[in-house]
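A.B. asks: Sharing a structure, written as structure tokens. Questions coming.
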Amino acid sequence: MEQIFNNQQSAKYQQAVAILRELLQAEGEDIANRAFAEAVYADRRKTYLKSGGVKMLRGTHPCFYRLKKERCPDAYSHTEYPKCILRSPIADHIYEFTKNGKTHSLVAQPYEITHEEIDKAVQFCRANGLRMNISASDSWHFPGKTLLVEFRRAGGS
């Protein structure tokens, strides 16, 4: 039995579904998922940047201290995994975003989140004045396989 996710299917849509089904049969689910992910990666990432009016921070590690408007204790660290990034219970594929030159959000994109990790993340947010949003439809790191977990300061930017 087939599941319909779009009631107004154009010819291009039907063609894309047929091609994905062929790929699934010929090369397996992993390859079909990867093809979907490649097709939507850039748009998902661009949508996150545009919707928040943010820029991805480059040249340094993502830091929860900066999100809290504090100085990073590892600001001059040259280690691959500084202490501040490891403070988050969810830190897979993590990025820092700025708005008007200040840290606006940190985004992790894990493949899964356990009950314990969610509990720890909620406690982490409460202890640090942050809030967390989880989305299955906004992740750009391997879309369809990862979740987007966004951390922001509680009560606004």
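The values are calculated or read from the model by the stated rules, or taken from the named source; none is laboratory data. The structure presented is a predicted model; accordingly, all values stated were derived computationally and were not measured. All Cβ positions, even for glycine, are placed from backbone atoms using ideal geometry, and neighbour counts span all protein chains on display.
A.B. asks: Quick one: would you say HIS104 is modelled with pLDDT of 95 or more and not small (Gly, Ala, Ser)?
C.D. replies: Against the criterion (modelled with pLDDT of 95 or more and not small (Gly, Ala, Ser)), HIS104 qualifies.
A.B. asks: So how many residues does region 1-21 have that are in contact with a helix residue (DSSP H, G or I) (Cβ under 7 Å, 6 or more places away or on another chain) and of a type in the set (A, V, I, L, M)?
C.D. replies: So the count comes out to 1.
A.B. asks: Being exposed (fewer than 15 other Cβ atoms within 10 Å of the Cβ) and modelled with pLDDT under 95 is the requirement here; does ALA75 meet it?
C.D. replies: Taking the combined requirement at face value, the residue satisfies it.
A.B. asks: Let me ask something else about it. Which residue out of ILE94, ILE118 is over 25 Å from THR47 (Cα atoms), modelled with pLDDT of 90 or more, in contact with a strand residue (DSSP E or B) (Cβ under 9 Å, 6 or more places away or on another chain) and among the aliphatic types (A, V, I, L, M)?
C.D. replies: Being over 25 Å from THR47 (Cα atoms), modelled with pLDDT of 90 or more, in contact with a strand residue (DSSP E or B) (Cβ under 9 Å, 6 or more places away or on another chain) and among the aliphatic types (A, V, I, L, M) holds for just one of ILE94, ILE118, which is ILE118.
A.B. asks: Quick one: in region 108-157, which of the residues that are assigned to a loop (DSSP other than H, G, I, E, B) and aromatic (Phe, Trp, Tyr) is surrounded by the fewest Cβ atoms within 10 Å (Cβ to Cβ)?
C.D. replies: Among them, the one singled out is TYR111.
A.B. asks: As an exercise: evaluate ASN128 against (1) touching a residue at least 24 places away in the same chain (Cβ under 8 Å); (2) in contact with a Gly (Cβ under 9 Å, 6 or more places away or on another chain); (3) polar (S, T, N, Q) and give the number of the one condition it does not meet.
C.D. replies: Against the list (1) touching a residue at least 24 places away in the same chain (Cβ under 8 Å); (2) in contact with a Gly (Cβ under 9 Å, 6 or more places away or on another chain); (3) polar (S, T, N, Q), ASN128 comes up short only on (2).
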